[in-house]
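Everything below concerns the one structure shown next.
Coordinate-derived values only; no laboratory data. These numbers come from a predicted model, not from an experiment. Cβ placement follows ideal geometry from the backbone for every residue including glycine, while neighbour counts extend to all protein chains displayed.
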Amino acid sequence: MTDAPSPSTRHPYDALTPDVVLNAVDAAGYRSDGRLLALNSYENRVYQVGVEDVQPLMKCTPAFHPSGVAARSPSASDGWVVVKFYRPGRWSDEAIREEHVFSQTLAEAEIPAVAPLADENGETLFMHAGFRFALYPRRGGRWPDLEDPDNLVWMGRFMGRIHAIGATRTFEHRPTLDIASFGHASVDYLREAAVIPDYLREAYFSLSKDVLAQVEAGFERAGDYAKIRLHGDCHPGNILWTDDGPHFVDFDDARMGPAVQDLWMLLSGERPQMTIQLDEILSGYTEFMDFHPRELHLIEPLRTLRMIHYSAWLARRWDDPSFPRNFPWFGEPRYWEEQILALREQAAEMNEPPLQWM
């Protein structure tokens, strides 16, 4: 576990050579000019590819989806497209198309979500050399300044609009964020994978059992909350900011779940600071979408689930050579010592009253 796979170990992405990437873009209707830049992505493989024509060679028409609403299909910009190759075996075709429909619906409502490009038949999911992929317009931006109260209100308004649309339908092929999949299944995988040093196993698994019991108690206190379509991974790295405000990228983790899942990752700092941030976000959010304060009981339980799920995600992906290369500390005892300490801190946090909406 602690060593990178041997050179003889092959992963499906080993076949994703630069020629395959460029040929895929050509096959989708764009004429690549040979410029190729790998972007920072681990779950999937994402590249920025230069194209000779700013407008696509294929005729892009509105992409119609099951709601009957025509989603505008954006065009390439600045002579570049972004191509995303989906990790083999992770999502079904139907689940990927649901993600695309969701982001298209948001874009049609003039919410700044970066939606995939569609061909003349409205198709957004393509296949080349055994890889499924999608094309996106390139969108620039910077890390959002979430210390600015005005930006938090702005973010809240867009999140409220996203959730108002997310609440109108359900995902049929994408999962729900729940304790079973994010918590118990993750712990079970870590136990079976034997990735934790022997002398730390008892401490980690005993502690994980206790904190998951606290997570369940937190969900019980939240009561019967609405499950809506979410971005699912709305951390600041998936928000690009320009002078015109934010736009949202990477809906790959879109799923059903509580609204607060898309809000708590925008909070940072100590409890008083997070309380102020929450108030700013919700002041904008509630202009477009109701928020039930009982969901505040879920913030620390959701944070705990994310921590456990993240460790299991790294373990599940360790056969991908890019993971040992980019996360070398995962195989070290220190990582697990820090995780045990972090989970103990989470246990204490979950015993505290939830944040208050002022």
Work out how much length Tyr13 to Tyr42 would gain on full extension: take 0.36 nm times their residue separation and subtract the Cα-Cα distance, in nm to one decimal. 9.3 nm
Can you check how the C-alpha radius of gyration of region 149-350 compares to 2.2 N^0.38 Å, as a plain ratio? 1.07
Relative contact order for region 105-195 using alpha-carbon pairs under 8 Å, separation at least 6, rounded to a whole percent? 20 percent
Taking amide H atoms as placed 1.01 Å from N in the peptide plane, list the residues 5 or more away in sequence, or in a different chain, whose amide H sits under 5 Å from that of Asp33. Gly50, Val51, Glu52
Region 182-238 shape via C-alpha gyration tensor axes, a/c threshold 1.5: oblate
How much net charge surrounds Gln214 when only the other residues with a Cβ under 15 Å from the Cβ of Gln214 are counted, with Lys and Arg +1 and Asp and Glu -1? -2
To the nearest 20 debye, the chain has a Cα-centred charge dipole, built from +1 on Lys and Arg Cβ and -1 on Asp and Glu Cβ, of 620 debye
Rounded to one decimal in nm, the spacing of the 7 Å Cα→Cβ label points at Glu345 and Glu192 is 3.1 nm
How long, wide and thick is the chain, going by the Cα atoms along their three principal axes, in whole angstroms, largest first? 58, 55, 35
Nearest-5 percent of antiparallel DSSP beta bridges in the chain? 95 percent
Projected onto the charge dipole of the chain (unit charges on the beta-carbon of Lys, Arg, Asp and Glu, signs +1, +1, -1, -1), the Cα from Ser208, His163, Thr176 with the largest positive-side position is that of Thr176
Global geometry of region 284-358, whether rounded, prolate or oblate, following the gyration tensor of its Cα atoms and the 1.5 cut on a/c: oblate
Residue-span extension gain [Trp143 to Asp224] - 0.36 nm each, minus C-alpha spacing: 25.7 nm
Ellipticity estimate at 222 nm from DSSP helix runs (n ≥ 4, -39,500 (n - 2.57)) divided over the chain, nearest 500: -12500 deg cm²/dmol
Report the relative contact order of region 281-358, percent, no decimals, based on alpha-carbon pairs under 8 angstrom and at least 6 residues apart. 45 percent
